[in-house]
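Notes follow the structure.
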Amino acid sequence: MEVRRTIPVKLDVADSDADLLHETISEFLWAANYVVDHAWQGEYKTTSKAQLQRETYDDVRTETRLQANLVQNARNKAADAVQSVVARWKQGDYAGKPHFSASTLVYDKRCATFNDDHATLSTVEGRITAEYVLPDENRETPHSEYLFNDDYDVTGAELHYRDGEFYLHVRTKADVEFETADDGNAEHSTVLGVDLGIENVAVTSTGTFWNGAELNHWHREFEKRRGSLQRRGTRAAHENIQSVGRTETGRYDHFLHTVSKELVAEAVERDCDVIAFENLTGIRERMPNAKKFHAWAFRRLFEYVEYKAEVVGVSVEQVSPAYTSQRCSKCGFTHEDNRPTSDGQDVFECLKCGYSPHAEYNAAKNIGLKHLRSAQTSSGGGAPVNVRLNRGTLNVNGDYEPASDGQNGSPRESPALNEANGEAVSE
């Protein structure tokens with residue numbers, strides 16, 4: 001299985017070389033925007049890289065000092081952006097003409113050389129050497145795990161300039177083989193159910209909660225900021241809106257990367273083979289008070305979990321969300337009044353057995369149960385699998401089995417949970 005990872009590396013660059021990098025970035029962005037402008041002409045947008053190469057290459061070489069490979073990289077960046085816009089149009093989404101302003105520059109192995117402690121980078125006036133600023137060698141970091149791992153090959157990089165510093169985002173790839181259990185070991189398969197929400201971005205069947213208050217606060221503040229700038233209507237305001245958008249996306253990505261990393265760590269810590277999410281199609285319509293932003297955040301979180309889990313050999317699946325919020329994960333009784341929306345989204349109380357856990361925790365367990373039931377059905381009713389809980393497991397029949405000594409885990413941000421009846425208890 002091919003695995004790809006990107007590792008940001010801070011660079012130590014001499015002042016004179018920094019000036020050359022700034023000039024190269026400026027001409028690279030001009031080239032990319034020139035190709036976008038050309039692709040945008042007419043009713044139909046040009047997305048073919050070969051056609052854009054034929055129609056823009058000579059002009060860009062004439063107007064810039066970029067070497068041939070950097071010209072091609074600028075063309076690729078522009079073509080990818082236009083293709084992305086056209087794809088969104090086909091899905092019925094709004095997307096405007098791309099414009100590149102962030103200080104970035106794409107390198108491949110033809111115009112850069114990547115060494116253990118430095119890189120040589122092409123500029124508008126030859127190559128410069130940039131030393132890596134590396135973390136402590138005694139700590140486990142992405143640099144030691146991917147960049148200096150002989151199993152991973154460097155395929156290219158993107159240069160970024162932010163907060164007065166240059167960073168090289170180095171792209172790596174490797175062919176990784178994972179050991180998977182065969183059908184005869186199906187009894188060892190364990191699933192971690194995950195419910196997504198607005199108040200809590202993610203809740204797992206182990207009782208771990210990732211609160212969404214910070215994410216929602218940022219969204220409200222950025223919306224206010226954009227609205228204020230839009231009302232001004234000036235060019236400067238428009239440029240500020242783009243800057244705000246980059247800052248906003250950066251904060252969201254950092255938050256979602258952190259959640260996804262911890263969620264995958266939770267699965268590994270609890271010896272889970274599968275992480276199960278509800279199907280994200282139509283999630284905005286199913287979830288009261290959800291906005292387009294939330295649907296985007298859920299998709300992005302799923303993507304981050306998916307590729308992080310791939311590295312550690314954990315699969316990520318989606319299951320039908322039908323009745324996961326209304327079904328009692330203890331007795332199986334399903335009724336819409338088990339979760340009355342008028343009393344708040346975190347309320348669940350089974351009308352049949354009285355089971356009253358946190359509603360999102362109950363849904364997370366149901367998502368896990370749905371996956372294991374579908375897995376058994378697809379495999380012809382083989383050996384049972386389990387849903388991982390905070391203190392034990394739940395099998396396909398809803399039977400709870402306490403954890404053996406040393407297998408209990410502590411949730412990161414959740415109350416303690418009495419798994420025998422699913423109710424929150426104080427510690």
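Any read-out appearing in this document is the output of simple, stated calculations on the displayed coordinates, not a laboratory observation. Everything quoted here is computed from the prediction, not taken from an experiment. Don't worry about glycine lacking a Cβ; one is built from the backbone with ideal geometry, like all the others, and counts go over all protein chains shown.
Observations on the structure shown:
- Close amide-amide hydrogen proximity is noted between residue 316 and 275, each under 5 Å apart and 5 or more residues distant or on a separate chain (H modeled in the peptide plane; Pro and chain starts excluded).
- Computed Kirkwood radius, in angstrom, where 1/r is averaged over Cα pairs of segment 1-85: 14.3 Å
- Net charge, residue 333 excluded, C-beta distance under 13 Å - Lys, Arg +1, Asp, Glu -1: +1
- Taken along its three principal axes, the alpha carbon spread of segment 13-142 comes to 54, 38, 22 Å, from the longest extent down to the shortest.
- Kirkwood analysis of segment 250-366, using all unique Cα-Cα pairs, places the hydrodynamic radius at 15.5 Å.
- Within segment 1-68, GluC sites (Glu not before Pro) in DSSP loop having at most 15 other beta-carbon neighbours inside 10 Å: 43
- Net charge dipole size for segment 13-142 [Lys, Arg +1 and Asp, Glu -1 on Cβ; Debye, nearest 20]: 860 debye
- Over segment 78-130, the reciprocal of the mean inverse Cα-Cα separation, the Kirkwood hydrodynamic radius, stands at 13.9 Å.
- Each other residue within a Cβ distance under 12 Å of residue 61 adds +1 if Lys or Arg and -1 if Asp or Glu, for a net charge of -2.
- Working ranking of peptides 103-113, 80-90 by packing, defined as the average number of other Cβ atoms within 10 Å per residue, highest first, is 103-113, 80-90.
- Within-12-Å neighbourhood charge of residue 279 [Cβ basis; K, R +1; D, E -1]: +1
- For segment 43-91, the dipole from Cβ point charges (+1 on Lys and Arg, -1 on Asp and Glu) about the Cα centre works out to 220 debye, to the nearest 20.
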